[in-house]
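Below is one structure, written out as C-alpha cells; comments come after it.
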Amino acid sequence: MKEERPGRSLPDEKHLIQLARQGDKGAFRILVEAYQDRLFGLTLSLVHNREQAEDLCQEIFVKAYFALSSFEGQSAFFTWLYRIASNHCLDHLRKKRPQQISIDRPIENESEITFENSLAAPASDNPEAPMEASLEATALLDSLDPEQKLILSLRELEGYSYEDLAEMLKCPMNTVKSRLNRAREALKEAYIRQYGNIPDSKIVLESREKP
C-alpha cells in the first residue's frame with residue numbers, strides 16, 4: 001500500500017487552480033509536476049509501454065487544461081484529473097483492443113513489463129520464468145474488457161479505496177464493488193482458459209488496503 005494517499009491535495013492547490021483558470025500556465029505547470037508521476041503510473045499499468053504512457057499523460061494534461069473552467073471544486077483536483085484520465089485511457093484501450101498483447105509475443109523492451117507479480121503463473125524451473133510470468137500476467141489483464149482492466153488497475157495496482165473509485169468514476173460504492181467482483185471473476189476465467197486450473201497461490205488480485 002502506498003504511504004501517501006492517492007488524491008492528496010497540494011497545500012495551495014485551490015490558489016494554483018484559480019490562477020491556472022485565469023490563464024497562468026506557470027501555476028498549471030506546478031499542478032502537472034505534482035501529479036504527473038501518479039498519472040504516469042496509471043497509464044503505464046494500462047499500456048505497458050513508457051512512450052505510449054508518456055503520450056497519454058501529455059494528452060490528459062492538455063485535456064485537463066482546456067477543461068479547467070468545468071472544475072467546480074466539489075472534489076479534489078486529482079480526483080477530477082483522474083476522471084479525465086480514466087475516460088481518456090478507456091477510449092485508448094477500446095481503440096487498441098483488436099491488437100491486444102499476446103502471451104507468445106517476443107519481449108521487445110523489458111521496461112514494458114510493469115504488471116506486478118500479483119498473478120501467479122504456474123511454477124517453472126526455467127530461469128527466465130519470472131519475466132515470462134510477468135508477460136503472461138500482463139496478457140491476462142489485457143484480455144479483459146477495457147472497463148474491467150481500468151478498475152482493477154486503479155484498485156489493485158494504484159491502491160485506491162472504494163470511496164476514491166466511486167468519486168472518480170461517478171458511481172455508487174456498491175456499483176464499484178460489483179464492477180470489481182465482475183472484473184476479478186473475468187480474470188479468474190481468463191486464467192483458467194490459459195492454465196486450466198487455479199493454484200493455491202491465489203491468482204485473484206487481493207486488495208492491499210481496507211475499503
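The values are calculated or read from the model by the stated rules, or taken from the named source; none is laboratory data. Computed from a predicted structure; not experimentally measured. Backbone-built Cβ (ideal geometry, glycine too); neighbour counts: all protein chains shown. Note: accessible area is taken over every heavy atom of the protein model, side chains too, but ligands, DNA and RNA are not part of it. Shrake-Rupley method; radii C 1.70, N 1.55, O 1.52, S 1.80 Å.
Worth a mention:
- Label point distance in nm, residue 194-residue 173, each placed 7 Å from Cα along Cα→Cβ: 3.3 nm
- With 23 Å as the limit on Cα-Cα distance, the pairs of 63/96; 25/95; 96/149; 149/188; 96/177; 149/177 that go past it are 25/95; 96/177.
- By accessible area with a 1.4 Å probe, ligands and nucleic acids excluded, highest first: order of 65, 162: 65, 162
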